[in-house]
Amino acid sequence: MKKLLLFLLLFLVPGKVLAYSARNMIAMDMDTKRVLYESNVNDPHLIASITKIMTAVVALELADIESEVTITDVVLKSFGSGIYVEIGEKIKLKDLLYGLMLRSGNDAALAIAEYVGRDVDTFVEYMNTKAKEIGMKNTKFINPHGLENNKGEGNISTAYDMALLSSYAMQNEQYREIVGTKHYVAKSDKKTYSWTNKNKLLTSYEYTTGGKTGFTEKARRTLVSNASRDGANITIVTLNDPNDWEDHKDLYNDLFHEYKSEKIIDKNHFRIDGESYYKNENLFLKEDVSILLKNDEKNDISLDIQLQKKEEYEDGDVVGKVQIKLKENVLKEVPVYVSLKNSSEKKQNLFQKILGWFRHD
């Protein structure tokens with residue numbers, strides 16, 4: 001009888017059951033923006049300090065990170081986590097960004113915003129403009145740090161929007177370097193700072209490449225993380241998740257097992273059969289194209305090549321694109337370039353013509 005019960009339990013209970021604690025959760029392929037896992041991904045929610053991803057992005061795109069910032073009394077408006085800079089202290093913007101992302105310094109956020117935007121409100125406008133550019137349709141920033149104001153109002157976003165932001169931010173080399181740093185030492189004209197990254201996944205999960213933590217009493221725990229393995233680059237976002245560290249690791253492990261990076265196009269063997277408009281030139285791609293796929297999705301991939309018939313073009317011009325589709329969904333687009341087979345000959349002929357004109361005169 002006991003053996004029968006054990007058999008029934010093994011038969012009825014799945015071998016692998018992953019239950020996540022997050023109110024909102026998403027996993028996104030950072031290279032294609034394809035959603036790999038989702039739960040309540042478009043529900044607006046307070047996001048706390050993962051706000052600072054946008055603060056860092058705007059600062060990196062608009063300012064020289066080697067420039068020196070003089071701390072003003074704007075930091076007196078800061079509370080909660082900080083790096084504890086002092087009024088009048090001189091420190092590089094780069095160091096403030098490390099303090100922002102590693103230690104979640106709210107004082108650093110205000111100092112950065114005032115320096116880059118000339119005032120905090122203008123900087124917040126930049127944040128919202130960038131959000132629209134990225135495609136974050138359900139996001140509204142009211143400050144650069146993520147704390148709620150005395151009315152209980154704070155920055156609002158969704159798991160999906162924050163995954164878009166995370167994917168965008170990781171395209172920036174300086175951002176990747178900052179969020180992937182485990183420990184950093186900074187020096188101002190007054191102090192030496194030593195900071196350890198609050199993102200525990202950097203030390204507890206070997207494939208982690210970055211991320212940002214967040215918490216307020218009202219928003220609860222929020223977490224954005226990035227991880228890469230064997231060509232697969234994934235970001236996970238959780239909002240209101242009391243077990244976020246373990247949830248992120250479990251989902252990464254599941255996805256890295258389920259999805260593999262497959263080379264779809266080898267740039268060295270790229271050919272367009274039957275193409276006649278550019279038959280006297282070479283058409284090429286600048287890089288190989290790989291896509292994150294499940295094993296049973298490989299046969300559902302197709303290529304849609306679209307060329308523009310340009311009357312005038314130069315060597316290296318974009319003359320079309322290749323869409324990589326999974327069934328009817330476009331996962332990625334890459335540009336097609338033209339290389340002139342006889343470019344040196346054409347240049348020589350032009351030079352000879354010019355010489356001919358002078359000789360004729």
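Summary table
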item	result
Single residue of THR139, THR181 found to be of a type in the set (Ser, Thr, Tyr) and surrounded by fewer than 24 Cβ atoms within 10 Å (Cβ to Cβ)	THR181
Filter result for SER225 (in a strand (DSSP E or B) and either surrounded by fewer than 16 Cβ atoms within 10 Å (Cβ to Cβ) or not β-branched (Val, Ile, Thr) (or both))	yes
Residues satisfying the stated conditions in the range 67-105, i.e. surrounded by 24 or more Cβ atoms within 10 Å (Cβ to Cβ) and either without any contact (Cβ under 8 Å) to a residue 24 or more places away in the chain or over 19 Å from the mean Cα position of the chain (by Cα) (or both)	ILE83, VAL85, ILE91, LEU96, GLY99, GLY105
Any hit, the range 142-156, residues being under 16 Å from VAL58 (Cα atoms) and either of a type in the set (Asp, Glu) or not assigned by TED's automatic domain parsing to the domain that holds GLU246 (or both)	no
Search result, residues across the range 181-220 that are charged (D, E, K, R) and part of a loop (DSSP other than H, G, I, E, B)	LYS182, ASP189, LYS190, LYS191, LYS198, LYS200, GLU206, GLU217, LYS218
Some residue of the range 166-188 being among the aromatic types (Phe, Trp, Tyr), under 21 Å from SER67 (Cα atoms) and touching a helix residue (DSSP H, G or I) at 6+ places or on another chain (Cβ under 9 Å)	yes
Total residues in the range 48-66, condition of a type outside the set (S, T, N, Q) and under 17 Å from the mean Cα position of the chain (by Cα)	10
All helices (runs of 4 or more DSSP H) inside the range 80-134 with 1 or more residues being assigned by TED's automatic domain parsing to the domain that holds ASN199 and farther than 22 Å from ASN172 by Cα	106-117, 120-134
Within the range 263-289, tally of residues that are part of a loop (DSSP other than H, G, I, E, B), in contact with a Lys or Arg (Cβ under 9 Å, 6 or more places away or on another chain) and over 21 Å from SER302 (Cβ atoms)	4
GLY152 being closer than 27 Å to VAL74 by Cβ and surrounded by 22 or more Cβ atoms within 10 Å (Cβ to Cβ)	no
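For every residue, the table says whether it meets (1) under 17 Å from the mean Cα position of the chain (by Cα); (2) surrounded by fewer than 19 Cβ atoms within 10 Å (Cβ to Cβ); (3) at pLDDT 95 or above.
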site	(1), (2), (3)
THR192	no, yes, yes
ASN197	no, no, yes
THR208	yes, no, yes
GLY211	yes, no, yes
ALA219	no, no, yes
ILE234	yes, no, yes
THR238	yes, no, yes
TRP245	no, yes, yes
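The values are calculated or read from the model by the stated rules, or taken from the named source; none is laboratory data. Since the structure is predicted, the reported quantities are computational estimates derived from the model, not experimental observations. So basically every Cβ, Gly included, is an ideal-geometry build from the backbone, and we count neighbours across all protein chains shown.
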